[in-house]
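Colleague: I have a structure here, written as structure tokens, and I will follow up with some questions on it.
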Amino acid sequence: MVTISLCMIVKDEEAVLGRCLDSVRDVADEIVIVDTGSQDRTKEIAEEYTDKVYDFPWQDDFAAARNFSFSRAAMDYCMWLDADDILRDREEEKLLDWKKKADGSVDAVMLKYVTGMDDEGQPTFSYYRERLLKRSRGFRFEGCVHEAVTVFGKIEHLDISVEHHKVKAGDSDRNLRIYQSMRHRGVKFGPREIYYFARELYYHMMYVEAVDKFREFLDFRDAFVENQVEACRMAAYCCYKLGQEKEALDFLLRGLCYRIPSGELCCDLGKHFLDRQLWEQAAFWYEAALRVPKKDKAGGFILEDCYGYLPCLQLSVCYYKMGNIARARSYHESAGKWKPNGREYLRNKVYFR
């Protein structure tokens, strides 16, 4: 059996901190809370769960704060969570079972991070994150924003999900502001910083600059392949917004160069042709989406609907438009098997009836 230090950085999280700690308190052998400047009752709530509550002046650097929290840990593994994360009872039981059986030989444990759910609570957006890190290996976070740990040694993926449930709007400009400040100070960006800077520019509808940054990122030959594919997809979205349809398709096709296409990329290609009423080409890519494997352990972002429900919905449209009503109905019924209560499926069900 191994021991776990839960290490968290928090600021003004009185609405969610207790919920998070209640969900994981049976797993953690100790709790380390690092407060970066709360003005509410966050620290008081934290002190109800642990006496290891520390102040850390905010430096516009998430990695620095997380590394400080790790430096105050004393158990075999450091586990990090954000205050608006939770571990469901069934997931907590699975982690407790792993903890009891673990012999300490694993260096890093990857858990699934679910950040999007449908109306029935089923995951729609997820990806694996390094969640438990062996303290003696000296793992450190890197990156002022979207901080991450480069794991090494023996790595284990567990079928356990941490869910993200935000209850208040955060500072939507914070990450972009940090990146712009870094650039102003002359900080040299690596591939990961450029990639996430480009994403922030996209979210802020700064599409021209975002495309330039995605291009700059794609010039790195040794960048993370999942980010390379995602950069092609997001650069395409920018081009659509700018009315540059050919450039958008070029970016999507470039995404095919990095690895076997993902369901997400196939669906993007399908949508490109669907939007232009090119039904056969659209059907080709949506059928491809149903065939490709879901590589959720590769570390990329996973849109669950791209591996069943969405391709079936769109194939129903394509074959209806091509006059093949029987095949359209078949794909419609397949969509219902993926999501029996899907709003689009139920709407189409009335139409087919």
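The values are calculated or read from the model by the stated rules, or taken from the named source; none is laboratory data. These numbers were taken from a predicted model, which means no experiment stands behind them. Glycine gets a Cβ as well: all are built from the backbone with ideal geometry, and neighbour counts include every protein chain shown. Each accessible area value is taken on the protein alone, full model and side chains, heavy atoms only, with ligands, DNA and RNA left out. Shrake-Rupley method; radii C 1.70, N 1.55, O 1.52, S 1.80 Å.
Colleague: Can you name every residue in the range 296-335 that is surrounded by 22 or more Cβ atoms within 10 Å (Cβ to Cβ) and under 20 Å from the mean Cα position of the chain (by Cα)?
Modeller: Across the range 296-335, the qualifying residues are Ile302, Glu304, Asp305, Cys306, Leu310.
Colleague: I'd like to know if the range 185-196 contains one or more residues that are of a type in the set (Gly, Ala, Ser), free of Cβ contacts under 8 Å to residues at least 60 places away in the same chain and closer than 25 Å to Leu256 by Cβ.
Modeller: No, that holds for no residue.
Colleague: For the range 292-341, what are the residues that are in a helix (DSSP H, G or I) and either in contact (Cβ under 8 Å) with a residue 60 or more places away in the chain or among the polar types (S, T, N, Q) (or both)?
Modeller: Asp296, Lys297, Ala298, Glu304, Asp305, Gln314, Ser316, Ser330, Ser334
Colleague: Another question, if that's okay. Identify all residues within the range 160-182 that are more than 25 Å from Gly18 (Cα to Cα) and of a type in the set (Asp, Glu); write none if there are none.
Modeller: Asp173
Colleague: While we're on this one: Return the total of residues in the range 29-63 being under 27 Å from Ile160 (Cα atoms), open to solvent by 20 Å² or more (accessible area, probe 1.4 Å) and among the small types (Gly, Ala, Ser).
Modeller: Matching residues across the range 29-63 total 0.
Colleague: Please verify whether Asp119 is surrounded by fewer than 18 Cβ atoms within 10 Å (Cβ to Cβ), outside any helix (DSSP H, G or I) and not aromatic (Phe, Trp, Tyr), treating the condition exactly as stated.
Modeller: Spelling it out, Asp119 is indeed surrounded by fewer than 18 Cβ atoms within 10 Å (Cβ to Cβ), outside any helix (DSSP H, G or I) and not aromatic (Phe, Trp, Tyr).
Colleague: Mind listing whichever residues of the range 86-98 are open to solvent by less than 90 Å² (accessible area, probe 1.4 Å) and under 25 Å from the mean Cα position of the chain (by Cα)?
Modeller: Here is the first cut: in the range 86-98, the ones open to solvent by less than 90 Å² (accessible area, probe 1.4 Å) are 86-87, 91-92, 94-98.
Correct list: Ile86, Leu87, Glu91, Glu92, Lys94, Leu95, Leu96, Trp98.
Colleague: If you don't mind, there's one more thing I want to ask. If we scan the range 266-286, do we find a residue that is touching a Lys or Arg at 6+ places or on another chain (Cβ under 7 Å), part of a helix (DSSP H, G or I) and either surrounded by fewer than 19 Cβ atoms within 10 Å (Cβ to Cβ) or of a type in the set (A, V, I, L, M) (or both)?
Modeller: no
Colleague: Counting residues that are within 18 Å of the chain's Cα centre (by Cα), hydroxyl-bearing (Ser, Thr, Tyr) and exposed (fewer than 15 other Cβ atoms within 10 Å of the Cβ), which helices (runs of 4 or more DSSP H) fully inside the range 129-247 reach at least 1?
Modeller: 191-203
Colleague: Working only within the range 42-63, note down all residues that are touching a strand residue (DSSP E or B) at 6+ places or on another chain (Cβ under 8 Å) and within 22 Å of Asp171 (Cα to Cα).
Modeller: Scanning the range 42-63 gives Thr42, Lys43, Asp55, Phe56, Phe62, Ala63.
Colleague: Then there is this: Can you spot a residue in the range 269-283 that is farther than 22 Å from Thr150 by Cβ and acidic (Asp, Glu)?
Modeller: Yes - at least one qualifying residue is present in the range 269-283.
Colleague: Pick out the one residue from Ala248, Ala289 that is of a type in the set (Gly, Ala, Ser) and more than 26 Å from Asp119 (Cα to Cα).
Modeller: Testing whether each residue is of a type in the set (Gly, Ala, Ser) and more than 26 Å from Asp119 (Cα to Cα) leaves just Ala248.
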